[in-house]
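Enquirer: Right, I'll just put the structure down here and ask away after.
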Amino acid sequence: MDGLNAQVSHAEPQFQRFTPRRAPPPRPSFWTRLRRRLPFLLFVVLPTVAAGGYLFGFAADQYVSEAKFVVRGAASPPSGVLSSLLQGAGVSRAQDDTFAVQDYILSRDALQELGATVDVRALFDRPEADPLSRFPMPFMGETNEHLFKHYLNRVDVSYDSTTGVTALTVKAFRPEDASAIARALLAGGERLVNRMNDRQRSTTMNEARREVAEAEARVQRIAGELANYRTRQATLDPNKASAGALAAVQDMINRGTSLRTQLMVMIKNSPQSPLIPDMQRRLEALDQTISTARDRIAGGDRSLVPQITEFDALTLQREFAERGLASAVSFLDTARLNAQRQQLYLDEVVHPNEADYAKYPRRFADLAIVFATLFGLYTIFKLLAAGAREHRTM
């Protein structure tokens, strides 16, 4: 048995040596290879070919008109003498107002004002326009809302925060159409700036006039109260009246002092003189007169002190009212000077131009983007499908 096994094992390599080779697998047919590549052809190649046919065969040329502008306002006044020497009057950028103009250009109000000077629907529906770019597009309405959406696809505004310049770009099927729309939009933006100027002037002037009217009414009211006081007290100026009364009292005091001195000398030198009683009666009458004059000046509610106090209060109110009126008039003059110059204005840096050649569509670039996008999506879906099959076989 051992010998027989050895012979068999020895003969096996010889049997293997003479075994014929297997034939190679048959090459897949054209239809088989086509079926394997059918997803790639349907989802990548065919849409790319369709996009290329549209871009190179049907897409209409679109021209771009570009304009650049800035919105400027009066510079704020310098804060000190040195800064006033270093900084002139000049102008400054009005960033908030620039954003207002941008929002206006991209608004329905701008489209409505644009329609008053330019036939927007006709410009967006030129005969050379292709069906996917003209207005109205297929399966799209012709309402103002649809027109506004189409308008936003044709007009763009961008702001450069470094230079403060705003760029306006308009796309149309003819260069003169794009330039006309850009010029009309800039004119609308300038009208908006003028309206803001008018509103600011009107608000400032109305406020200044209101302040002047209130100050004048206050002065007239206090003048009336002062006139009523003078009529009621039958005096023009109680201060002058009190000054005269005080001077008369002081004169009587001086006379009383002199008379009292004479009386004392006479009593000492001639105690039996018949003039002493007369001088005493004169001194008593003078003292009585002085006391009455003092009471009239500062002796109660009917004295000059309350009259002077009320008069001084009215005079002080009149001074404050006159100062307020002077300040209001000065503010009105300043507001009038500011209203005489334009606070904001739109300055065109680059005027709307008429393009020499069409900028859109960028046929080769757009076709490359379509192919890259479809190929990327196809690769992602293919990897996901392979992962799902592998997960199912595990």
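The values are calculated or read from the model by the stated rules, or taken from the named source; none is laboratory data. Predicted, not measured: the structure shown is a model, and the values here were computed from it. So basically every Cβ, Gly included, is an ideal-geometry build from the backbone, and we count neighbours across all protein chains shown.
Matching residues to (1) at pLDDT below 85; (2) touching an Asp or Glu at 6+ places or on another chain (Cβ under 7 Å); (3) outside any helix (DSSP H, G or I); (4) surrounded by 15 or more Cβ atoms within 10 Å (Cβ to Cβ):
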{"position": "A51", "(1), (2), (3), (4)": "no, no, no, yes"}
{"position": "Y63", "(1), (2), (3), (4)": "no, no, yes, yes"}
{"position": "P77", "(1), (2), (3), (4)": "yes, no, yes, no"}
{"position": "D103", "(1), (2), (3), (4)": "no, no, no, no"}
{"position": "E145", "(1), (2), (3), (4)": "no, no, no, no"}
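Enquirer: Hey, among the residues in the range 335-359 that are part of a loop (DSSP other than H, G, I, E, B) and within 24 Å of the chain's Cα centre (by Cα), which one's farthest from L186 (Cα to Cα)?
Expert: Per the stated criteria, the residue is Q340.
Enquirer: Can you tell me which residue in the range 355-370 is farthest from V49 (Cα to Cα), limited to those that are in contact (Cβ under 8 Å) with a residue 12 or more places away in the chain, surrounded by 10 or more Cβ atoms within 10 Å (Cβ to Cβ) and out of contact with any Lys or Arg (no Cβ under 9 Å at 6 or more places or on another chain)?
Expert: Out of the qualifying residues, it is A355.
Enquirer: Also: Filter the range 127-176 down to residues that are touching a strand residue (DSSP E or B) at 6+ places or on another chain (Cβ under 8 Å) and of a type in the set (D, E, K, R) and give me whichever is farthest from D97 (Cα to Cα).
Expert: Top of the filtered list is R174.
Enquirer: So, of the residues in the range 295-310 that are polar (S, T, N, Q) and part of a helix (DSSP H, G or I), which turns out to be modelled with the highest pLDDT?
Expert: T309
Enquirer: Could you list, in sequence order, the residues of the range 110-143 that are part of a helix (DSSP H, G or I), in contact (Cβ under 8 Å) with a residue 12 or more places away in the chain and either among the small types (G, A, S) or surrounded by fewer than 17 Cβ atoms within 10 Å (Cβ to Cβ) (or both)?
Expert: A110, T117, R121
Enquirer: Can you tell me which of (1) surrounded by fewer than 18 Cβ atoms within 10 Å (Cβ to Cβ); (2) over 30 Å from T334 (Cα atoms); (3) out of contact with any helix residue (DSSP H, G or I) (no Cβ under 7 Å at 6 or more places or on another chain); (4) among the hydroxyl-bearing types (S, T, Y) is the one T203 doesn't meet?
Expert: That leaves (2) as the condition not met.
Residues checked against (1) modelled with pLDDT of 75 or more; (2) in a helix (DSSP H, G or I):
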residue: L186; (1), (2): yes, yes
residue: L192; (1), (2): yes, yes
residue: K240; (1), (2): no, yes
residue: A248; (1), (2): no, yes
residue: L259; (1), (2): no, yes
residue: M264; (1), (2): yes, yes
residue: P271; (1), (2): yes, no
residue: I290; (1), (2): no, yes
residue: A293; (1), (2): no, yes
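Enquirer: Condition check: under 32 Å from the mean Cα position of the chain (by Cα) and either within 19 Å of V193 (Cα to Cα) or loosely packed, with under 12 Cβ neighbours inside 10 Å (or both). Does L332 satisfy that?
Expert: Working: under 32 Å from the mean Cα position of the chain (by Cα): yes; either within 19 Å of V193 (Cα to Cα) or loosely packed, with under 12 Cβ neighbours inside 10 Å (or both): no.
No, not satisfied.
Enquirer: Return the pairs, sorted by first residue and then second, in which the second residue is at pLDDT below 90 and in a helix (DSSP H, G or I), the first residue lies in the range 371-394 and is farther than 12 Å from P47 by Cβ, the beta carbons are less than 9 Å apart, and the residues are 6+ apart or on different chains.
Expert: If the second residue must be at pLDDT below 90 and in a helix (DSSP H, G or I), the pairs left are F381/P39; F381/F43; K382/P39; K382/F40.
Enquirer: If you don't mind, another one. In this structure, is Q87 under 18 Å from A167 (Cα atoms), at pLDDT below 90 and surrounded by fewer than 16 Cβ atoms within 10 Å (Cβ to Cβ)?
Expert: Numbers: under 18 Å from A167 (Cα atoms): no; at pLDDT below 90: yes; surrounded by fewer than 16 Cβ atoms within 10 Å (Cβ to Cβ): yes.
When the stated conditions are applied, Q87 does not pass them.
Enquirer: Output the residues belonging to the range 155-181 that are hydrophobic (A, V, I, L, M, F, W, C) and farther than 20 Å from P361 by Cβ.
Expert: Listed by number, the residues that qualify are V157, V165, A167, L168, A180.
Enquirer: The conditions are (1) at pLDDT 85 or above; (2) farther than 26 Å from L377 by Cα; (3) part of a helix (DSSP H, G or I); (4) of a type in the set (G, A, S), and A67 fails exactly one of them. Which is it?
Expert: Failed condition: (3).
Enquirer: Checking the conditions here, which among A326, A313, A321, A285 is in a helix (DSSP H, G or I), within 30 Å of N197 (Cα to Cα) and at pLDDT 70 or above?
Expert: A326
Enquirer: When you scan the range 375-384, do you find a residue that is under 30 Å from D130 (Cβ atoms) and of a type in the set (S, T, N, Q), even just one?
Expert: Checking the range 375-384: not a single residue is under 30 Å from D130 (Cβ atoms) and of a type in the set (S, T, N, Q).
Enquirer: Let me ask something additional. Can you pull out the residues in the range 99-120 that are small (G, A, S) and either more than 16 Å from E145 (Cα to Cα) or in contact with a strand residue (DSSP E or B) (Cβ under 8 Å, 6 or more places away or on another chain) (or both)?
Expert: Listed by number, the residues that qualify are A100, A116.
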